[in-house]
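The values are calculated or read from the model by the stated rules, or taken from the named source; none is laboratory data. Keep in mind the model is a prediction, meaning the values are calculated, not measured. Here the Cβ is made from the backbone with ideal geometry for all residues, glycine too, and neighbour counts use every protein chain on show. Heavy atoms of the whole protein, side chains included, go into the accessibility calculation; ligands, DNA and RNA do not. Shrake-Rupley method; radii C 1.70, N 1.55, O 1.52, S 1.80 Å.
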Amino acid sequence: MALTACSVEADSSSNAIGTGELEKQVDRSLTKQVGQAPKRVDCPDELESEKGAHTRCTLSTYDGLRFGVTVTVDKVMSDDQAHLDIKVDEKPQ
C-alpha cells in the first residue's frame, strides 16, 4: 500500500520532522486511505526535511499484526513544509 498525499511541517530550528509528527501523519494517512485507524504507529527516528531522506516506522493492527512502513521525503515545498511518500510493507513482520 502506498500513500503519497501527505504534507507535513518540519521543525524550523532543526529542519527535521519529529517522531510524534511522523507517527501522527502516518496514522492519519492510513486512516484516510483504508477507512480504519491503525492500533499504533511507532517511528523511532526523526526525519530530515530534505528530498530523499527516509526512515522506517512500525504499524500495529488491532488483530496483532505488525507491518514495516517506509516514510520518504519526496518533495520539499519550503523551509518548513515537506511532502511524504508512505509505503506499508506487503507482508507483516
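Restricting attention to region 65-93, the residues being open to solvent by less than 70 Å² (accessible area, probe 1.4 Å) and in contact with a Phe, Trp or Tyr (Cβ under 8 Å, 6 or more places away or on another chain) number 3.
Taken as a whole, the condition of being at pLDDT 90 or above, outside any helix (DSSP H, G or I) and either out of contact with any Cys (no Cβ under 6 Å at 6 or more places or on another chain) or at negative phi (or both) applies to ASP45. Residue count for region 48-77 satisfying the condition of being closer than 20 Å to GLN93 by Cα, among the small types (Gly, Ala, Ser) and assigned to a loop (DSSP other than H, G, I, E, B): 1. Total residues in region 17-40 satisfying the condition of being under 11 Å from the mean Cα position of the chain (by Cα), among the β-branched types (Val, Ile, Thr) and assigned to a helix (DSSP H, G or I): the figure is 2.
Apart from one condition, LYS51 fits all of (1) free of Cβ contacts under 8 Å to residues at least 24 places away in the same chain; (2) open to solvent by 60 Å² or more (accessible area, probe 1.4 Å); the exception is (1).
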